[in-house]
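The values are calculated or read from the model by the stated rules, or taken from the named source; none is laboratory data. Please read all numbers here as calculations on a predicted model, not as lab measurements. Neighbour counts are summed over all protein chains in view; Cβ atoms, including those assigned to glycine, are modelled from backbone coordinates with ideal geometry.
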Amino acid sequence: MKIAIVRLSAMGDIIHSAIVLQFIKEKYPTANIDWIVEKSMAAVLEDNPDIHRIIRIELKKFKKTKKITDLFSQIKIIHSLPQYDYIIDMQGLLKSALVTKFMTGIVCGFDKKSIREGLASYFYDKKIYMPYDANTIDRNVQVVSKSLDLNSSSEDIHHKKSFLFYKNENKIIYDYLSKDKKNIVFVIGSTWRSRNYPKEKFVEISNQLKQNILVIWGSEEEKADGEYIEKNSKYATLVPRTDLNTLKALIGQCNLLIGNDTGPTHMAWAMNIPSITIFGPTPTSRVYTTSINKVIESPSNVNPYKLNKQDFSIKEIKSEDIVTLSKELLNE
């Protein structure tokens, strides 16, 4: 069986989608699974033994340059792909649906009531209903399960195997890991400022936990916040910016991750690493809560159909509550 998964971006969404690979392989162990993804995010999926081939495309490049030659070059890549038994659009956007238009095979995806861009569903041969406000990971698993007759369940998700992999990482990260203290990664940034827990409160958490705190960053703004945390806590260290492969390695070595609702935070869940995800203007239905993966949310009433980027209620979460939960996960 040849299966193609279309999930172009973003990092957290790709992670929450990649769990399906192990379920497909459990039922169809000889299946060849290709994954179509934006080139900039491909490293999230690299080295996964359940993926036959990663197809890297650059639609965002065309969006930036507006050069028709850039668009045609991407269509050429997609059109050159082999015929598949099943093509599953896990993204449910017009751009991902259009990608399937240039592929050959039975196309599966969400029906028009299950996605924000309902027109995308007109490109699918098989349409699956799953409430838009349902848990994101459940949605991902069910669109694949119903497309391929897998019968995957929430219980299967809770008992998942780690599914992010790395090799040949930059060994510099091991200089920052402690053998004497617990290694705790702070994910201090995200795509919206209102999703970011205040840097001052990260300092409070660091000073109360008194462990080896490793602060990661991905932009100059995040770097400045990280430098503030490092300056104001003798336990915190700003780690050099790394590639995605090395980031997976670092998170895979830590004892706990504390972070905002964003891609690197979700890596911990995917790798079965203890974590605390801090939620403000986004719904906790984006993640799974487990015995080692916890959430702390603001008092804000979040509407998953219309997120409010001006909702800064994340600031109201007490650092003491995060510290208490952290100590429980660290068995202190």
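Please name all residue pairs, on different chains or six or more residues apart, with Cβ atoms under 9 Å, provided the first residue is in region 200-228 and is in contact (Cβ under 8 Å) with a residue 60 or more places away in the chain and farther than 21 Å from Ser178 by Cα and the second residue is outside any helix (DSSP H, G or I) and not acidic (Asp, Glu).
Once the first residue is in contact (Cβ under 8 Å) with a residue 60 or more places away in the chain and farther than 21 Å from Ser178 by Cα and sits in region 200-228, its partners that are outside any helix (DSSP H, G or I) and not acidic (Asp, Glu) give Lys201/Ile317; Lys201/Lys318.
Matching residues to (1) at pLDDT below 95; (2) of a type in the set (Val, Ile, Thr); (3) surrounded by fewer than 19 Cβ atoms within 10 Å (Cβ to Cβ); (4) in contact with a Lys or Arg (Cβ under 6 Å, 6 or more places away or on another chain):
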{"position": "Ala18", "(1), (2), (3), (4)": "no, no, no, no"}
{"position": "Lys39", "(1), (2), (3), (4)": "no, no, yes, yes"}
{"position": "Glu46", "(1), (2), (3), (4)": "no, no, yes, no"}
{"position": "Arg56", "(1), (2), (3), (4)": "no, no, yes, yes"}
{"position": "Lys63", "(1), (2), (3), (4)": "yes, no, yes, no"}
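The conditions are (1) over 26 Å from Asn207 (Cα atoms); (2) at pLDDT 95 or above; (3) not polar (S, T, N, Q), and Lys294 fails exactly one of them. Which is it?
So the condition that Lys294 fails would be (1).
Can you find, within region 127-151, the residue that is surrounded by the fewest Cβ atoms within 10 Å (Cβ to Cβ) among those that are outside any helix (DSSP H, G or I) and out of contact with any helix residue (DSSP H, G or I) (no Cβ under 6 Å at 6 or more places or on another chain)?
Let us first name the residues in region 127-151 that are outside any helix (DSSP H, G or I), namely 127-135, 149-151.
The next check asks that each one be out of contact with any helix residue (DSSP H, G or I) (no Cβ under 6 Å at 6 or more places or on another chain); those that pass are 129, 131-134, 149, 151.
Working: Tyr129: 12, Pro131: 11, Tyr132: 14, Asp133: 12, Ala134: 13, Asp149: 8, Asn151: 10.
Among residues in region 127-151 that are outside any helix (DSSP H, G or I) and out of contact with any helix residue (DSSP H, G or I) (no Cβ under 6 Å at 6 or more places or on another chain), the one surrounded by the fewest Cβ atoms within 10 Å (Cβ to Cβ) is Asp149.
How many residues, within region 184-217, are out of contact with any helix residue (DSSP H, G or I) (no Cβ under 6 Å at 6 or more places or on another chain) and either of a type in the set (Gly, Ala, Ser) or assigned to a loop (DSSP other than H, G, I, E, B) (or both)?
Number of matching residues: 8.
Kindly provide the set of residues from region 113-125 that are over 20 Å from the mean Cα position of the chain (by Cα), surrounded by fewer than 16 Cβ atoms within 10 Å (Cβ to Cβ) and either within 28 Å of Thr289 (Cα to Cα) or of a type outside the set (A, V, I, L, M, F, W, C) (or both), ordered by number.
Lys113, Glu117, Gly118, Tyr122, Asp125
Lys181: in a loop (DSSP other than H, G, I, E, B), of a type in the set (D, E, K, R), farther than 23 Å from Arg56 by Cα and touching a Lys or Arg at 6+ places or on another chain (Cβ under 9 Å), yes or no?
Judged against the criteria, Lys181 is a match.
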